[in-house]
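Only the coordinates and a few stated rules stand behind these numbers; no lab work does. This structure is a prediction, so every number in the text was calculated from the model and none was measured. Please note: Cβ atoms are built from the backbone with ideal geometry, for glycine as well, and neighbour counts cover all protein chains shown.
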Amino acid sequence: PTKGNDAVDVLNRRAVLKAIRAGEAEAPLALPKPLVPPSFDAVADGSCLDSGDGLGSLLEAAQRKGAAAFYSRAAEGTGAEVASLVHEALEGGALTLGGS
């Protein structure tokens, strides 16, 4: 017997004994309540959401990857400020000239 279904087990045993005493070939049996977790479709293990050992979590990694997919239009600019930004991007490897 499984915990929580004891009452159903007792009822089924009584029904079987009653059917045997009466010489019947069948006994009406009750089905036990299904064993379903309280939150069936919820995540029970949250360790993938926690960052640990400096590795980060799956959630953080997904957020970083998702954030990289979004593009926001750059502010307009002219002159030395823009030249400086382009220079920094070229030096840092974020921007390359050429087809590769």
Original post:
Once the piece of chain linking R13 and E76 is laid out straight, how much longer is it, given 0.36 nm per residue of separation minus the C-alpha distance between them?
Top reply: 14.5 nm
Original post:
Using a simple spin-label model with points 7 Å from Cα along the Cα→Cβ vector, what separation in nm is obtained for L29 and Q63?
Top reply: 5.1
